[in-house]
Amino acid sequence: MALATDPEGAAKVTGAANAVISGEMEPSLLVRGGETLSLGGGVTVSVHAIPGHTPGSVAYVVDGQCSVFVGDSVQVHGAANHFPGYTDPVAYRASLKRLRDEIRPRRLYLGHPYRRADGTPYGVELDETQAEEAIAQSLDIEARVASAARGCLEAGPRETESPYSPFARVAEELGYTGDPALEPSPFFTTMAGYRTHFAQHVRTQEHRSHPS
C-alpha cells in the first residue's frame, strides 16, 4: 500500500521494472494501438490497445493467424501471488471483453503461467479453447473482486493489524490468503484501482446531488 500513497511510487515501480525487465534495451517505437508492424517476409502484426493491467497495455496480433500476444493483460486468477493485478478495473474488464468478442484469439500467449480457479497454472501458450476459458475466468474473478471491493469501500475501509489492511474484508470475502507484500503486490495495486473508481463515482454522485 505504500507505493499507492507514495508520491514517488510510480517512479519507483518504473525504476524497479527497468532494472529487471530488458533494462539494457532502449525502445525505438511508441505504440498506442492501431499500428501495423511489418516483421518481413510478408508477416505483419496489428497492435490493439487493451488497457487495464497498465494504462499502456497492448496486444500484438499476428495477422492471418490470430495468434495474440497479451503479456500480462489476461490475469486469470493471478500468477505467483494468486491474485489478479490491474490498475484500472473498468478498462481491464472492457479489454477482456474486446479480446473475447472482437479479437477472438486462436492462440493466446501470456506473460506468465497464470492460474486457474483451482490454482493449477496454464502454460504461456494457449490454444483456442484454453484462451476462451482463460478470458472467461478472468472476467469471472474480476466480477467477484469488484463485488467484494465495492462492499468494502461502501462500508468504509478500516485500518487494522491485518496484512491486508485496509482491505481485510475483501481478502476474507474472497478467501485470499496469499502474501500481499510480495512484489509487485497485485492485491494492493488492484484495490487501489477500485478505490480510485469508487472515489470518482462518489464525486459524480455528489455533483449531481448538489450542482453548482
* To do: Give the residues of the stretch 93-112 that are open to solvent by 50 Å² or more (accessible area, probe 1.4 Å), modelled with pLDDT of 95 or more and not in a strand (DSSP E or B), sorted by residue number.
  => Arg93, Ala94, Lys97, Arg98, Arg100, Asp101, Glu102, Arg104, Arg106
* Filter the stretch 176-207 for residues that are outside any helix (DSSP H, G or I) and surrounded by fewer than 17 Cβ atoms within 10 Å (Cβ to Cβ) and give the result. => Thr177, Gly178, Asp179, Ala181, Leu182, Glu183, Pro184
* In this structure, is Ala117 open to solvent by 60 Å² or more (accessible area, probe 1.4 Å), closer than 20 Å to Ser73 by Cα and aliphatic (A, V, I, L, M)? -> yes
* Which of the residues belonging to the stretch 50-90 are in a strand (DSSP E or B), out of contact with any helix residue (DSSP H, G or I) (no Cβ under 8 Å at 6 or more places or on another chain) and in contact (Cβ under 8 Å) with a residue 24 or more places away in the chain? -> Val58, Ser67, Phe69, Gly71
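Quick one: would you say Glu159 is without any contact (Cβ under 8 Å) to a residue 24 or more places away in the chain and in contact with a Pro (Cβ under 6 Å, 6 or more places away or on another chain)?
So Glu159 fits the description; yes.
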* To do: Just give me the residues in the stretch 31-49 being without any contact (Cβ under 8 Å) to a residue 24 or more places away in the chain and not in a strand (DSSP E or B), in sequence order.
  => Gly34, Glu35, Gly41, Gly42
* Structure fact -> Of those in the stretch 67-92 that are out of contact with any Phe, Trp or Tyr (no Cβ under 9 Å at 6 or more places or on another chain) and over 18 Å from Tyr122 (Cβ atoms), the residue most open to solvent (accessible area, probe 1.4 Å) is Val90
* **Long-range neighbours under 8 Å by Cβ, at least six apart or interchain, first residue surrounded by 16 or more Cβ atoms within 10 Å (Cβ to Cβ) within the stretch 120-134, second assigned to a helix (DSSP H, G or I)** => Tyr122/Gln130; Tyr122/Ala134; Leu126/Ala134; Glu132/Arg100
* Asked: Here is a list of conditions, (1) at pLDDT below 90; (2) open to solvent by less than 50 Å² (accessible area, probe 1.4 Å), and Ala49 meets all of them except one; can you say which number that is?
  -> (1)
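Does the stretch 113-148 hold any residues that are over 15 Å from the mean Cα position of the chain (by Cα) and assigned to a helix (DSSP H, G or I), and which are they?
If the condition is that a residue be over 15 Å from the mean Cα position of the chain (by Cα) and assigned to a helix (DSSP H, G or I), then Glu128, Thr129, Gln130, Ala131, Glu132, Glu133, Ser147, Ala148 are the ones that fit.
The values are calculated or read from the model by the stated rules, or taken from the named source; none is laboratory data. Here the structure is a predicted model, which means the values were calculated and not measured. Cβ coordinates were reconstructed from backbone atoms using ideal geometry, including for glycine residues, and neighbour counts include every protein chain displayed. These accessible areas exclude ligands, DNA and RNA; they are computed on the full protein's heavy atoms, side chains included. Shrake-Rupley method; radii C 1.70, N 1.55, O 1.52, S 1.80 Å.
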